[in-house]
1. If the requirement is being within 12 Å of chain A (Cβ to nearest Cβ), hydroxyl-bearing (S, T, Y), exposed (fewer than 15 other Cβ atoms within 10 Å of the Cβ) and in a helix (DSSP H, G or I), which of these qualifies: B:Y99, B:Y79?
2. Count, please, the residues in region A:244-262 that happen to be part of a loop (DSSP other than H, G, I, E, B), over 25 Å from A:A285 (Cα atoms) and either open to solvent by less than 60 Å² (accessible area, probe 1.4 Å) or in contact (Cβ under 8 Å) with a residue 60 or more places away in the chain (or both).
3. Within region B:148-168, restricting attention to residues that are within 14 Å of chain A (Cβ to nearest Cβ) and of a type in the set (A, V, I, L, M), which residue is farthest from B:L119 (Cα to Cα)?
4. Under the condition of being away from chain A (no Cβ under 11 Å) and either closer than 22 Å to B:N112 by Cβ or in contact with a helix residue (DSSP H, G or I) (Cβ under 6 Å, 6 or more places away or on another chain) (or both), which residue from region B:8-20 is most open to solvent (accessible area, probe 1.4 Å)?
5. Check A:R166 against each of (1) more than 14 Å from every other protein chain (Cβ to nearest Cβ); (2) in contact (Cβ under 8 Å) with a residue 40 or more places away in the chain and name the one condition it does not meet.
6. Look through region B:115-139, keep the residues that are outside any helix (DSSP H, G or I) and modelled with pLDDT of 95 or more, and return whichever of them is surrounded by the most Cβ atoms within 10 Å (Cβ to Cβ).
7. Being over 12 Å from A:K430 (Cα atoms), of a type in the set (D, E, K, R) and surrounded by fewer than 21 Cβ atoms within 10 Å (Cβ to Cβ) is the filter here; which residues of region A:440-463 pass it?
8. Got a sec? Which of A:P233, A:P209 is more than 9 Å from chain B (Cβ to nearest Cβ), in contact (Cβ under 8 Å) with a residue 24 or more places away in the chain and open to solvent by 20 Å² or more (accessible area, probe 1.4 Å)?
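The values are calculated or read from the model by the stated rules, or taken from the named source; none is laboratory data. Source: prediction; values computed, not measured. Note that we place each Cβ from the backbone using ideal geometry, even for glycine, and neighbour counts take in every protein chain shown. SASA here: full protein model, heavy atoms, side chains in, ligands and nucleic acids out. Shrake-Rupley method; radii C 1.70, N 1.55, O 1.52, S 1.80 Å.
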Amino acid sequence: MSLLSAVARAGPSSQISVHSVQRTLLPSIVPTLNLVDAKRHKTDKAGQQKRPPTGTPSQAGYLKREEKSNRWRKALLQFRPLPANQLDHPLFNPETEGKLEVPAFTPKTITAADSIGQAYEIEPPADDPLRIFGLPRSVHFEFRILTKPYTVVRQVTKDTVEYLSRAKKQSSAQNRLVMTGRAGCGKSFLMLQAVEHCVRDEWIVIYIPRAINLVNSTTPYAYDIRTQTYLQPAYSFQTLQRMLTVNKAKLAEIPLVEDLVLEKQTLTKGTKLTKVIEFAIAERARTVGQSPAILDAVMRSLDVQTDFPVLLAVDEIQALYGKSSYKDPHFLPIQPYHLSLPRLILEYASGKRQFSRGAVLGALSVSQTLHPVPLELSDALGLEDMHAFPISPFQKRNKEMLLYTEGLKKLAVPEKLTLEEATGVFEVWKGRKAIGREGMYYDEMLLGKYTESAGNARDFVWKGLLNTLEA
Amino acid sequence: MVHILGINLPDNKLAKFALTSIYGIGHHTAHRLCARLQVHDKCKVKDLSPFQVTSLASFLSSPGTAPPLPRYPLATPDYVPPPTSVSTQELQANFLENYRKKKVKNSDPLKNLKIESELRREIRENIAHQRMIGSYVGRRHAMHLPVRGQNTQNNAKTARKLNRLDRH
């Protein structure tokens with residue numbers, strides 16, 4: 001029975017107790033459910049007497065309905081597994097939670113000769129990008145179910161790591177890659193592997209897991225006459241905070257390359273970047289409006305320095321090349337290149353700005369229906385096969401956007417997992433006791449589901465393994 | 001709780017939807033107002049800055065007399081911002097100087113916005129005018145019956161309840 005179908009189903013209208021849900025869900029994978037009793041009170045329409053409307057029709061509120069404050073409905077919380085030391089209910093036995101022992105994810109272990117198809121555990125310290133920058137939704141959910149971040153090394157991972165080791169010595173203008181491929185082929189996972197590898201390999205890492213949040217009108221924006229763009233102060237502040245947490249030791253050695261003139265004071269050239277960002281965070285109320293300027297100054301200092309290579313990794317990058325949901329005061333849509341943070345990323349992605357050492361990695365997210373891959377990006381990366389209909393040369397392209405797509409190269413993530421890689425993925429889910437029972441023919445299940453999903457990674461796990469009766 | 005023109009906007013509501021509680025502002029007008037004040041879609045009423053609240057209140061008190069919005073320039077791909085030695089006030093002053101020289105027509109649809117008492121007055125006047133000229137529409141309003149040709153054999157309950165000469 002699929003875990004997701006159990007999560008998503010409407011359920012009976014009577015009170016859902018913890019125990020009844022446990023019977024329907026998988027005790028082996030999710031030991032206990034941190035569920036709040038989801039009471040759904042049915043509104044007793046028959047019992048309510050209809051009051052005659054008060055006042056005259058000319059008065060406001062004549063036909064106003066009664067407020068729905070008495071209807072109480074608590075949303076079902078997302079599943080969070082309990083820590084292992086709290087599993088003291090007699091229902092659980094020591095083997096409920098499978099113990100999977102795999103090597104740690106480090107640059108040396110993943111580049112070993114026999115690493116393809118081997119699962120690794122990413123052991124994230126407190127300042128890891130995984131924790132601080134966050135993760136794309138699908139990866140986040142998968143790690144939530146698995147409880148630990150396990151990842152399988154593929155041939156394409158090794159190729160990317162090799163590419164990054166060459167990019168370490170080159171300017172980022174020569175190393176601008178966008179990961180492309182079918183839905184569910186492993187682009188976000190590959191990007192995460194690249195980010196984790198770089199952090200452990202002494203790179204400065206800036207990771208934006210959900211670029212859609214930059215253009216979907218969820219953060220404040222304000223026009224700035226100096227840059228002639230719309231600044232996004234809140235998101236810039238958050239990015240600065242996160243950059244500082246993840247890269248503190250390295251930023252402490254990099255100085256500001258020129259004076260940073262703010263409203264009430266000036267930070268002189270030579271100030272270490274950690275001090276600059278700490279100042280911004282300490283005086284948050286005053287400086288949050290100037291955080292785009294501070295972020296710009298920090299990025300310019302990173303451009304010039306040669307001590308550390310810099311990785312700018314952006315998932316869901318197609319959102320930055322499409323349309324944004326922001327509107328200007330005249331209600332005209334604002335293009336992403338007129339928003340401060342997307343413009344910054346587009347400038348690095350197009351080579352207009354570059355790090356002396358480093359790379360720019362992007363990953364498409366084909367599953368996002370509200371942000372499809374735009375024409376300009378399709379043209380630049382040669383993605384004619386992705387579209388259902390042939391792309392006409394007469395369809396309009398945004399000329400300014402075309403300038404921002406110049407020089408992008410694609411890294412085509414293989415559509416299929418090889419059998420070796422699929423075995424590694426299978427071992428992770430089997431090791432965590434998500435699938436299987438005593439006396440089961442695991443090879444039948446592996447080969448069957450691998451064939452059914454045609455090797456697609458997401459389909460193999462979510463529509464294959466977790467959709468079986470043994471899950 | 002933010003009060004605008006005597007109307008209370010609940011704090012936890014999205015500003016875009018809270019504005020629809022004002023009589024005469026629907027979803028589209030609310031969205032346009034938010035864009036005018038540079039309020040993003042997911043902004044709650046409690047997150048509005050005092051400047052945004054005061055400019056919203058001052059605009060809504062008389063939309064017709066609000067100054068026209070200038071069209072600010074947007075950066076080209078090769079735009080280089082001026083050095084920080086040039087202050088923002090100076091840049092703003094230069095822009096406004098050049099802008100005032102051009103005579104730009106105010107084509108903002110919000111300048112004709114009517115809300116609350118003004119809108120109710122307009123509706124009352126329209127109904128009174130229909131009655132005064134002795135039209136069918138006026139007669140139907142006076143008889144508390146449907147105006148737009150609906151059936152009255154059954155189902156004219158809303159019209160019987162609401163259609164008045166002094167409707168608003």
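1. Numbers: B:Y79 fails: in a helix (DSSP H, G or I).
Result: B:Y99 is the single residue among B:Y99, B:Y79 that is within 12 Å of chain A (Cβ to nearest Cβ), hydroxyl-bearing (S, T, Y), exposed (fewer than 15 other Cβ atoms within 10 Å of the Cβ) and in a helix (DSSP H, G or I).
2. Within region A:244-262, the first condition is being part of a loop (DSSP other than H, G, I, E, B), and the residues that meet it are A:247, A:252-254, A:256-259, A:262.
Of the ones still in play, those that are also over 25 Å from A:A285 (Cα atoms) are A:253-254, A:257.
Still in the running and either open to solvent by less than 60 Å² (accessible area, probe 1.4 Å) or in contact (Cβ under 8 Å) with a residue 60 or more places away in the chain (or both): A:254, A:257.
Here the count works out to 2.
3. B:A159
4. Selected residue: B:K13.
5. Condition not satisfied by A:R166: (2).
6. We begin by selecting, within region B:115-139, every residue outside any helix (DSSP H, G or I); these are B:115, B:133-135.
From the residues that got through so far, the ones that are modelled with pLDDT of 95 or more too are B:133-135.
Values: B:I133: 9, B:G134: 8, B:S135: 12.
Out of the qualifying residues, it is B:S135.
7. Within region A:440-463, A:E444, A:E452, A:R458, A:D459, A:K463 meet the criteria.
8. Values: A:P209 fails: open to solvent by 20 Å² or more (accessible area, probe 1.4 Å).
Answer to the check: A:P233.
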